[in-house]
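Enquirer: Below is one structure. I have some questions about it.
Values in this text are rule-based calculations from the coordinates and carry no lab data. It should be emphasised that the depicted structure is a prediction, and the values quoted were computed from it without experimental measurement. Cβ placement follows ideal geometry from the backbone for every residue including glycine, while neighbour counts extend to all protein chains displayed.
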Amino acid sequence: MAAQADTLRIATYNTELSRDGPGLLLRDLARGTDDQINAVLAIIKAADADILALQGIDYDLTSAALSRLAQAAEYPHHFARRPNTGMPTGLDMDGDGRLGGPRDAQGYGRFSGQGGMAILSRFPVLATDVQDLSDLLWRDVPDPTLPMVNGAPFPGDAAQAAQRLSTTAHWIVPIDTPVGVIDLMTFHASPPVFDGPEDRNGKRNHDEIRLWQQVLDGTVGIAPIGPFVIAGDANLDPVDGQGIKAAINSLLTDPRLQDPAPKGTQGTDTADWAEPVPGNLRVDYVLPSTHWRVIDSGVMWPAPDDPLTETAATASRHHLVWVDLTLDPAPPDG
């Protein structure tokens, strides 16, 4: 259980609930017999988080699927906006010479909203005050690491003029908790693979992660002035696997943040991809600001003899990450 009255459990979980077509997730939720959905719900209930950032959940305009999931998981409040995944551009965004493929969308997706994000909360979400950075063009962020081939923009000027930075979304979401309004900064970055020598996805992943420090620096958007937590799927391990490590390591060591380094039975690893490559990686993060005191943390990667082991494996290749926090009475330095 997460509850002391002044303690909040904040978690992130890539549910991998995405389906192959629009409306299919809602269909499967309505039937109530889908093994993966039931496993995800069991993990969510076992985690007992007060605020939960979700990734890998399909978006629909009326939030019908999310509403049903929130009801089943017993959360009174939820939030989602249209993600960049599957959003058509009409351009060849991946440079393969063809149009209309899932990689030609603003973020990879076979249909608009595939594999989006959401928030479940026990406390009211101040939706009218959300800061949504998802429409920020990649080339407009400070010092963008844009892909180039032979000194020219990849795949071309038109594509880079249209390309948003966020693969899925970057949201700063105020939530009215018993300890006051806090900001949840959440995202789901591109995997730094599935591209070519131009390293388009690796560079995009780097800049998506770096965006949070640019927000805190005040060079992008409006920085939170009170307690905040960064929670989401960065799709990057600070040591192992592919990708440009500088941004994630800079984020993890930023003096305005804390890294509780939550652990499960596989240490700090949070996702299990097929061996031998890449294997287990740490890609999911909950990073509180220095306003907080960390009480406890963990990765729901159960031991082999735990009843939840099979459930977790059925639910997702990712494992839910949680951190218990209370506000530190001493203000952060600086």
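Enquirer: May I ask you to evaluate 6.51 cos²θ - 1.76 cosθ + 1.60, the Karplus curve with θ = phi - 60°, for each residue of the stretch 165-182 and list the ³J(HN,Hα) values in order in whole Hz, giving x for glycine and proline?
Expert: Once θ is set to phi - 60°, the couplings for the stretch 165-182 become 6, 5, 5, 10, 5, 10, 10, 10, 10, x, 10, 8, 9, x, 9, x, 6, 10 Hz.
Enquirer: Convex hull over the alpha-carbon atoms of the stretch 7-327: what's its volume per residue in Å³?
Expert: Details: hull volume 40.8 nm³, N = 321.
Here the figure is 127 Å³ per residue.
Enquirer: Tell me which chymotrypsin sites (Phe, Trp or Tyr not before Pro) from the stretch 183-221 have a DSSP coil assignment and no more than 14 other beta carbons within 10 Å of their own. Walk me through the numbers before you get to the answer.
Expert: Values: sites: Phe187, Phe194, Trp212; in loops: Phe194.
Answer by residue number: Phe194.
Enquirer: Springs between alpha-carbon pairs under 10 angstrom, Gaussian network model over the chain: which of Val220, Val321, Val149 fluctuates most?
Expert: Val149
Enquirer: Enumerate by residue number the trypsin sites (Lys or Arg not before Pro) in the stretch 8-104 meeting two conditions: DSSP loop (anything except H, G, I, E, B), and at most 15 other Cβ atoms within 10 Å of the site's Cβ.
Expert: On the way: sites: Arg9, Arg19, Arg27, Arg31, Lys45, Arg68, Arg81, Arg98, Arg103; in loops: Arg19, Arg81, Arg98.
Listed in order of number, the matching sites are Arg98.
Enquirer: Using only alpha carbon pairs under 8 Å that are at least six residues apart, calculate the relative contact order of the chain and give it in whole percent. Walk me through the numbers before you get to the answer.
Expert: On the way: 797 pairs, mean separation 62.6, N = 334.
Once divided by the residue count of the chain, the mean separation gives 19 percent.
Enquirer: Same structure, new question: Applying the Karplus parametrisation 6.51 cos²θ - 1.76 cosθ + 1.60 with θ = phi - 60° to the phi angles of the stretch 54-68, what ³J(HN,Hα) value in whole Hz is obtained for each residue in order, glycine and proline being reported as x?
Expert: Calculated HN-Hα couplings, in order: 10, 10, x, 10, 5, 9, 10, 4, 9, 6, 5, 5, 5, 4, 5 Hz.
Enquirer: If we count other beta carbons within 10 Å of each Cβ, what is the order of Arg200, Arg82, Arg256, fewest first? Each step should come with its number before you reach the end.
Expert: On the way: Arg200 25, Arg82 16, Arg256 19.
The most exposed by this proxy come first: Arg82, Arg256, Arg200.
Enquirer: Springs between alpha-carbon atoms under 10 Å, Gaussian network over the chain: tell me which of Asn14, Asn150, Asn205 tops the mean-square fluctuations.
Expert: Highest fluctuation among the options: Asn150.
Enquirer: On to the next question. How much of the DSSP beta bridge set in the stretch 168-236 is antiparallel, as a percent to the nearest 5?
Expert: Antiparallel: roughly 55 percent of the beta bridges in the stretch 168-236.
Enquirer: If the cut-off is 27 Å between C-alpha atoms, which lysines fall inside it for Lys245, apart from same-chain ones fewer than 8 positions away?
Expert: Straight-distance partners of Lys245: Lys203, Lys263.
Enquirer: Given points 7 Å out from each Cα along the Cα-Cβ axis, report the Ile222 to Trp273 separation in nanometres with one decimal.
Expert: 3.8
Enquirer: More than 17 Å apart: what percent of Cα pairs in the stretch 19-91 qualify? Walk me through the numbers before you get to the answer.
Expert: Working: 1201 of 2628 pairs.
More than 17 Å apart: 46 percent of the Cα pairs in the stretch 19-91.
Enquirer: List the residues whose amide H sits under 5 Å from the amide H of Gln106, counting only those 5 or more places along or on another chain, with H placed 1.01 Å from N in the peptide plane.
Expert: Here the answer is Gly86, Met87, Thr89, since their amide H atoms fall under 5 Å of that of Gln106.
Enquirer: Add -39500 (n - 2.57) for each DSSP H run of 4 or more in the chain, then divide by its residues: what number comes out at 222 nm, to the nearest 500 deg cm²/dmol? Intermediate values should be presented prior to the final figure.
Expert: Values: 7 runs with 70 residues, N = 334.
The helix-only estimate for the chain comes to -6000 deg cm²/dmol at 222 nm.
Enquirer: Work out from phi, with θ = phi - 60° and the Karplus expression 6.51 cos²θ - 1.76 cosθ + 1.60, the ³J(HN,Hα) of each residue of the stretch 105-114, listed in order in whole Hz, and give x for Gly and Pro.
Expert: Values, residue by residue: 7, 4, x, 3, x, 7, 8, 4, x, 4 Hz.
Enquirer: Mean projection of the alpha-carbon convex hull of the stretch 23-150 over all orientations, in nm²? Intermediate values should be presented prior to the final figure.
Expert: Numbers: hull surface 41.2 nm².
Over all viewing directions, the stretch 23-150 projects a mean Cα-hull area of 10.3 nm².
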